[in-house]
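So the structure is just underneath, and the comments pick up after that.
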Amino acid sequence: MSPRQTGYAELQVSSNFSFLRGASHPDELALSAAALGHAAIAVTDRNTLAGVVRAHAAAKKAGIRLVVGARLDFTDAPSLLCYPTDRAAYGRLAQLLTLGKRRAAKGQCILQLADLFDHGKGQILLALPVEPPDRGFARHLQTLQRQFGDRLYLAAQHLYRGDDGKRLVRLGELADDLGIGLVASNDVHAHSPARRPLQDVLTCVREDCTIDTAGTRLHANAERHLKSPAEMARLFRRRP
């Protein structure tokens, strides 16, 4: 299988513009995605569009499509990824983020789900599952579905905890019950597994702790890096 045969695009990517979380620059991520054979790559930093300009320049140079987006973290609902479908929707997303930043101290953003509803025209949403994906989360998806219809999707990721098979079956059943699409992602935080040490240091700075005391605040493994389309197809072969 050639790299591009799967048509895979990584749609959940945190760059170093997700402060003290992402361990790679947007241009590193775009160039690596192109080298791996991705059909496209999104940059979805937390409550910001700051990394989009650098990602766009690198993606254009590498000949890969960039999907503009942002991860939205709410005070009253699970997080989701938001992708504007045109310039007007991009403007609404920028207005939404500005609203949240004006409410908060410098470097922070306070958003509520109702804010998204007010700025939701033209946005495609990828809901991020909570653990475990329980009935409360199912009701949350139903609320989003009533508002966004077929522009809502559900993300699925491997967590490498030993229960991924059962988790993915549960997420697939939930998506099927609601009639929404299930989308594979890898919750990327770096372009290469070699960035794991830097990722750990960033986490310790953010959490004000040391490597020795960080414990479960660190990522459990080095898997949050860009993978080839063929590898992602293998990981999700039971639910292509």
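The values are calculated or read from the model by the stated rules, or taken from the named source; none is laboratory data. No experiment lies behind these values; they were computed from the predicted model shown. The accessibility values were calculated without ligands, DNA or RNA, using every heavy atom of the protein model including side chains. Shrake-Rupley method; radii C 1.70, N 1.55, O 1.52, S 1.80 Å.
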**Asked** What lysines could a cross-link reach from K61, if we take a straight Cα to Cα line under 22 Å and drop same-chain neighbours fewer than 8 places away?
**Response** K227
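With a 1.4 Å probe and all protein chains left in place, how much of the accessible area of the chain comes from carbon and sulfur atoms, in whole percent?
Working: 6190 of 11970 Å².
Its accessible area is 52 percent carbon and sulfur atoms.
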**Request:** At a Cα cut-off below 25 Å, give the lysines reachable from K101, other chains included and same-chain residues fewer than 8 away excluded.
**Result:** K121
**Item:** the chain, Cα convex hull volume normalised per residue, Å³
**Value:** 128 Å³
**Per residue value of the accessible surface for the range 100-195 (all protein chains in place, 1.4 Å probe), Å²** = 51 Å²
